[in-house]
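Written out below as structure tokens is the structure these notes cover.
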Amino acid sequence: MSDSKHQRTSPVTGETYEPHQALRHTEIATFMRAPLARSLDDVDIALVGIPFDGGVTHRPGARHGPREIRNMSTMMRSNHHVTRFNPFDACRIGDVGDVRFENIYHLDESIGSIERFYRALADAGVTPLAAGGDHSVTYPILKVLGEKEPLGLVHVDAHTDTWGPFQGSKFHHGAPFRLACDGGHIDPKRTIQIGIRGAQNTTEGWDYSRESGMRVVFIEEFEDLGVDGVLDEVRRVVGDRPAYVSFDVDGLDPVYAPGTGTPEVGGITTREGLRLLQGLRGMHLIGGDVVEVAPPYDPSGNTALVGATLMYEILCLLAEVRSLK
């Protein structure tokens, strides 16, 4: 792909320029300084904001995640330091804006808004990468992407998110993978959940994951296996068929990502998180998300920077797969 695919044109002067070579503090913030897409016709990979946290069970704030991740993502550069891969040269990448919500006080309607947005992306043949939002946003994504064939799933998190209804609603951030599994949108036997930890008042979620056939890697086993051992398990479980990657920042230790609604101490490091994602290279990934960045709990902005960096790593994975089409 030529450099012109990533150039922008000033609507005032008509000048063209390469945004990755421009000053980082200028212009309207987009994810990783990608062009703001005006249509899906010229987009291979869509960067999506889902500013919704109506599914949280305790501390809100993740609705502000996409805006702050966009801001901190100006720190991202184009060429990966390990692979030397440039996703912006390989694919047409565009920021398609945020999912629009018209009735955020009704969870089912909000889930429907995300589903409609993603159905438009799927109909256009676009590969999606999202910034949440709380983890409830992943269910409608999987509902769309796993409509024709159950997907494999690589899920990094402190929690399995396979709990049942809470306070009378099945749509909450502790339930997306139970809903997706019950709906046939993910294959539990091709699902691996990594970094699980923290006391619970009931074992329901842990029991559901294991009894349905999901591979659950608690943090103690993560330490015993090491990153390479966990990656061996990922490839064994997920295989080479289509899969989705979902990264909840509370899978990381809160010393690295304090800006999240449900922090759990004793998590994985950012270095281990990046190595995990880099180790997914070559897998048949068709979409991804980074969720639960809640900027109000981290005035430093570091959690949003972590979220942006995780998104960049997933973008490289998706762009490599997409460029082979």
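Let's see how each residue does on (1) over 27 Å from G266 (Cβ atoms); (2) modelled with pLDDT of 95 or more:
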residue: W163; (1), (2): no, yes
residue: F166; (1), (2): no, no
residue: A175; (1), (2): no, yes
residue: C181; (1), (2): no, yes
residue: H185; (1), (2): yes, yes
residue: G195; (1), (2): no, yes
residue: A199; (1), (2): no, yes
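Taking the stretch 1-53 only, how many residues are modelled with pLDDT under 75 and assigned to a helix (DSSP H, G or I)?
4
Conditions tested, residue by residue: (1) over 22 Å from R236 (Cβ atoms); (2) crowded, with 24+ Cβ neighbours inside 10 Å.
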site: G288; (1), (2): no, yes
site: V293; (1), (2): yes, yes
site: P296; (1), (2): yes, no
site: L305; (1), (2): yes, no
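Kindly evaluate A131 against the criterion of being out of contact with any Ser or Thr (no Cβ under 6 Å at 6 or more places or on another chain) and within 23 Å of I196 (Cβ to Cβ).
Judged against the criteria, A131 is a match.
How many of the residues in the stretch 123-163 are without any contact (Cβ under 8 Å) to a residue 24 or more places away in the chain and touching an Asp or Glu at 6+ places or on another chain (Cβ under 9 Å)?
So the answer is 1.
So, restricting to strands (runs of 3 or more DSSP E) that lie completely within the stretch 120-224, which ones have at least 3 residues that are surrounded by 24 or more Cβ atoms within 10 Å (Cβ to Cβ)?
Per the criteria, 127-132, 151-156, 186-196.
Residues of the stretch 289-319 being in contact with a helix residue (DSSP H, G or I) (Cβ under 7 Å, 6 or more places away or on another chain) and either at positive phi or assigned to a loop (DSSP other than H, G, I, E, B) (or both), which ones?
E292, V293, A294, G301
For T269, are the conditions met, namely being of a type in the set (S, T, Y), touching a residue at least 12 places away in the same chain (Cβ under 8 Å), out of contact with any Pro (no Cβ under 6 Å at 6 or more places or on another chain) and surrounded by 22 or more Cβ atoms within 10 Å (Cβ to Cβ)?
Working: of a type in the set (S, T, Y): yes; touching a residue at least 12 places away in the same chain (Cβ under 8 Å): yes; out of contact with any Pro (no Cβ under 6 Å at 6 or more places or on another chain): yes; surrounded by 22 or more Cβ atoms within 10 Å (Cβ to Cβ): no.
When the stated conditions are applied, T269 does not pass them.
When you check F247 against the structure, is it of a type outside the set (K, R) and in contact (Cβ under 8 Å) with a residue 40 or more places away in the chain, yes or no? First the steps, then the outcome.
Details: of a type outside the set (K, R): yes; in contact (Cβ under 8 Å) with a residue 40 or more places away in the chain: yes.
When the stated conditions are applied, F247 passes them.
Of everything in the stretch 264-288 that's in a loop (DSSP other than H, G, I, E, B) and among the aliphatic types (A, V, I, L, M), which residue is nearest to the chain's Cα centre (by Cα)?
Looking at the filtered set, the residue picked out is L280.
Please determine, by comparing only the residues of the stretch 75-97 that are of a type outside the set (A, V, I, L, M, F, W, C), out of contact with any helix residue (DSSP H, G or I) (no Cβ under 6 Å at 6 or more places or on another chain) and under 21 Å from F247 (Cβ atoms), which one is surrounded by the most Cβ atoms within 10 Å (Cβ to Cβ).
Only one residue fits best here, namely R77.
Which condition breaks for G198 when tested against (1) within 25 Å of T303 (Cα to Cα); (2) in contact with a Ser or Thr (Cβ under 7 Å, 6 or more places away or on another chain)?
So the condition that G198 fails would be (2).
Mind listing whichever residues of the stretch 20-78 are on the phi > 0 side of the Ramachandran plot, under 19 Å from the mean Cα position of the chain (by Cα) and of a type outside the set (G, A, S)?
Restricting attention to the stretch 20-78, the residues satisfying the condition of being on the phi > 0 side of the Ramachandran plot are 27, 32-33, 61.
Remaining after also requiring under 19 Å from the mean Cα position of the chain (by Cα): 32-33, 61.
Of everything in the stretch 20-78, those that are on the phi > 0 side of the Ramachandran plot, under 19 Å from the mean Cα position of the chain (by Cα) and of a type outside the set (G, A, S) turn out to be M32, R33.
The values are calculated or read from the model by the stated rules, or taken from the named source; none is laboratory data. What you see is a predicted model; the values in this text were computed from it and never measured. So basically every Cβ, Gly included, is an ideal-geometry build from the backbone, and we count neighbours across all protein chains shown.
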